[in-house]
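Scroll down for the structure; my scribbles are underneath it.
The values are calculated or read from the model by the stated rules, or taken from the named source; none is laboratory data. For clarity, every value in this text was computed on a predicted model and none was experimentally measured. When we count neighbours, we look across all protein chains shown, and the Cβ atoms used for this are built from the backbone with ideal geometry, even at glycine. SASA here: full protein model, heavy atoms, side chains in, ligands and nucleic acids out. Shrake-Rupley method; radii C 1.70, N 1.55, O 1.52, S 1.80 Å.
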Amino acid sequence: MAEGLRERKKRETRQRISDIATGLFLEHGFVTVTIAEVAEAADVSVNTVYNYFPAKEDLFFDRSAGVVEQLSRWVRGRAKGESAAGAVLRELRADVESVSPRVGLMEGYDRFMRCIQEAPPLRSRLWSMQQEIHDHLESTLREEAGADAADPLPGLIAGQIAWIHQTVFVHIGREMVAGRNPGKVSREVLVLLDDIEELLSPNVLNYAVRGAE
């Protein structure tokens, strides 16, 4: 269905507020900048900001819904004969090899990470998002594997797959904050992914293999 004018204007307003807020946070620090300052810079009212972003942290992590659902999307999109962990490893390798901004391999990512490190509310929200990623993935694995509610295995596998994802992002974030070149970090992370895969047991690597349709 085509996007209506009203919906498009709302989406553009939301994005403009978010972009302006992110710029202010990166320049002055998350804790220092107020919602009133964001509203003034975006030429909207404080209430308008809150209508789009119920919490200040939502302004910084404005794409959190997509991040939370990403692992589940990869698992649901796995190929025939591919496991859940295999799909995640494949997708991560593709993003890392292409030096994609989606995994933080970009100039300026260090500012984003420093902003998080210096703001306890953002660190807390990031931890909460990691829990959401795990829980969302567990639900997806339970459905994809046809496991019942009492089966602990989907939760255990979700923990292992979420660990892969988190380990890659933590390593990239640390190296980018250190001022490393994205291309060099990319090559190192490809080796790291190989090491991670070797550590995973067959139970993880062969869980939820997609059969023939």
Next item on the list: Would you check which residues across region 53-82 are touching a Phe, Trp or Tyr at 6+ places or on another chain (Cβ under 8 Å) and open to solvent by less than 10 Å² (accessible area, probe 1.4 Å) and list them?
Entry: Leu59, Phe60
Checklist line | Members of region 1-60 that are in a helix (DSSP H, G or I), of a type in the set (Val, Ile, Thr) and either in contact with a Ser or Thr (Cβ under 6 Å, 6 or more places away or on another chain) or closer than 22 Å to Trp127 by Cα (or both) | finding: Thr22
Check: When Val99 is evaluated against the numbered criteria (1) part of a helix (DSSP H, G or I); (2) modelled with pLDDT of 95 or more, which criterion, by number, is the only one it fails?
Finding: (1)
Next item on the list: State all residues of region 146-168 that are more than 14 Å from the chain's Cα centre (by Cα), open to solvent by 50 Å² or more (accessible area, probe 1.4 Å) and in contact (Cβ under 8 Å) with a residue 24 or more places away in the chain; if no residue qualifies, say none.
Entry: Leu153, Gln160
Next item on the list: Being modelled with pLDDT of 95 or more and open to solvent by 60 Å² or more (accessible area, probe 1.4 Å) narrows it down to one of His136, His171, so name that one.
Entry: His136
Check: Can you name the residue in region 1-52 that is surrounded by 11 or more Cβ atoms within 10 Å (Cβ to Cβ) and of a type in the set (Asp, Glu) and is also farthest from Ser64 (Cα to Cα) among such residues?
Finding: Glu40
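Residue-by-condition table, conditions (1) under 18 Å from Val67 (Cα atoms); (2) open to solvent by 70 Å² or more (accessible area, probe 1.4 Å):
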| site | (1), (2) |
| --- | --- |
| Arg93 | yes, no |
| Glu97 | no, yes |
| Ser100 | yes, no |
| Glu107 | no, yes |
| Arg114 | no, yes |
| Gln117 | no, yes |
| Trp127 | yes, yes |
| Gln130 | yes, no |
